[in-house]
Amino acid sequence: MIEIRRLTKHYGDFPALVDLDLVVRDGEMYCFLGPNGAGKTTTIKTLVGLIRPTSGTARVDGHDVVTDAVEVKRRIGYVPDTPYLYDKLTAWETLRLLAGLHGMTRERFEERARFLLDAFALTRRAEGLVEDFSLGMRQKLCFAGAFLHEPRAVVIDEPWVGLDPRAVRDVIDFLKERNREGVTVLMSTHTLSIAERIADRCGILSRGRLIAEGTVAELLARREAHELEDTFLQLTEGQEDPGA
């Protein structure tokens, strides 16, 4: 579903990504791990068309993210690390705006919007302005927007921002259900305990390179560790970006 080959991105003289190769299989729950400054967000922003790579390729469902960007956007949903929303719109208006961008019919939009607002406990605030929403509510509205057009793949950058424990559990359950329905999920997270629970496979990124990949059991065996956190800390020791 997602195929990245020799992806490189420079910001001036700084190499954020260096010849990154990564494949996320159709219907897989893949967790993307790494220290601050490792290149996770750069990879995700490249996949959703927010930045262009310096070299290399990235494809979603067979479509190149640079040369076939519109087709990619039809197939992918995106939850950013910061929930950027229009404060003067209501939750319902926010979703209606997104539906228009995706060319959804009114009937389909209303059906999906009601389902998603209910799924993320936002139905009672559907007519409330976003400016009055807490950070957690904004994040849940971003999730609703990402799944509105029924994407085949969703990329999520640090999804737990502002969410309380119950909301975290509800989002996990929602992601697992959508994944069982066949939606591919690529998720960047620092919450290793959650990655350990839900990931089919994990990839560990450091200094723009994929340094380890496999199931949780495979990664634990690699370092004879008992928890994913132990493996992660061993593999990335001393590789944090102090300026990130």
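Pick out, in residue order, every one of the chymotrypsin sites (Phe, Trp or Tyr not before Pro) in segment 36-112 that is DSSP loop and has at most 16 other C-beta atoms within 10 Å; say none if there are none.
Numbers: sites: Tyr78, Tyr84, Tyr86, Trp92, Phe109; in loops: Tyr84, Tyr86.
Taking segment 36-112 and a limit of 16 other Cβ atoms within 10 Å, the loop chymotrypsin sites (Phe, Trp or Tyr not before Pro) found are Tyr84, Tyr86.
Neighbours of Arg25, meaning other residues whose beta-carbon lies under 11 angstrom from its beta-carbon, give a summed charge of -3 when Lys and Arg score +1 and Asp and Glu score -1.
Loop-located trypsin sites (Lys or Arg not before Pro) across segment 16-56 with a Cβ neighbour count of 16 or fewer within 10 Å are Arg25, with loop assigned by DSSP.
With a Förster radius of 22 Å, plug the Cβ-Cβ distance of Tyr84 and Phe115 into 1/(1 + (r/R0)^6) and report the FRET value to the nearest 0.05. Let's see the in-between values first.
Numbers: r = 23 Å, r/R0 = 1.06.
Once the sixth-power term is evaluated, E becomes 0.40.
How much net charge surrounds Glu196 when only the other residues with a Cβ under 9 Å from the Cβ of Glu196 are counted, with Lys and Arg +1 and Asp and Glu -1? Walk me through the intermediate numbers first.
Numbers: positive: Arg197; negative: Glu227, Glu229.
In short, -1.
Of the residues Val65, Val130, the one with the fewest other Cβ atoms within 10 Å heads the list, and the complete ranking is Val130, Val65.
For the charge dipole of the chain, defined by +1 on Lys and Arg C-beta atoms and -1 on Asp and Glu C-beta atoms about the Cα centroid, which residue among Thr57, Leu101, Thr90 has the Cα displaced farthest towards the positive pole? Most positive-ward Cα: Leu101. Residues in segment 99-115 carry Karplus couplings, in order, of 4, x, 5, 8, x, 6, 6, 4, 5, 5, 4, 5, 5, 5, 4, 4, 4 Hz; the curve used is 6.51 cos²θ - 1.76 cosθ + 1.60 with θ = phi - 60°, and Gly or Pro positions show x.
Could you put Val18, Val155, Val171 in order, starting from the residue whose Cβ has the fewest other Cβ atoms within 10 Å? Could you put the intermediate results ahead of the total?
Details: Val18 17, Val155 26, Val171 21.
Sorted ascending by nearby Cβ count, the order is Val18, Val171, Val155.
A simple rule links phi to the HN-Hα coupling: the Karplus curve 6.51 cos²θ - 1.76 cosθ + 1.60 with θ = phi - 60°, which for segment 140-148 gives 5, 5, 4, 4, 4, x, 5, 9, 4 Hz, with x for Gly and Pro. When the Cα positions of Leu192, Val154, Thr236 are compared along the charge dipole of segment 124-244, Val154 comes out farthest toward the positive end, with charges on each C-beta of Lys, Arg, Asp and Glu. Per-residue ellipticity at 222 nm, computed for the chain from helices alone with -39500 (n - 2.57) per DSSP H run of at least four residues, works out to -11500 deg cm²/dmol. The charge dipole of the chain, taken about the Cα centre with unit charges on the Cβ atoms of Lys, Arg (+1) and Asp, Glu (-1), comes to about 580 debye, rounded to the nearest 20.
Seen from all sides and averaged, what is the projected area of the convex hull of the Cα atoms in the chain, in nm²?
Working: hull surface 52.9 nm².
Hull-based average projected area comes out at 13.2 nm².
The calculated FRET efficiency for Ala69 paired with Asp19, based on their beta-carbon distance and R0 = 25 Å, is about 0.65. Gain on full extension, evaluated as 0.36 nm per residue between Arg52 and Arg106 minus their Cα-Cα distance, stands at 16.1 nm. Between the exposed loop cleavage positions of the chain, defined as GluC sites (Glu not before Pro) in a non-H, G, I, E, B DSSP state with at most 13 neighbouring beta-carbon atoms within 10 angstrom, the longest gap is 1-126.
Laboratory data are not the source of any read-out in this text; all were calculated from the coordinates shown. Because the structure is a prediction, the values reported are computed rather than measured. Cβ sites come from the backbone with ideal geometry, for glycine too, and all protein chains shown count toward neighbours.
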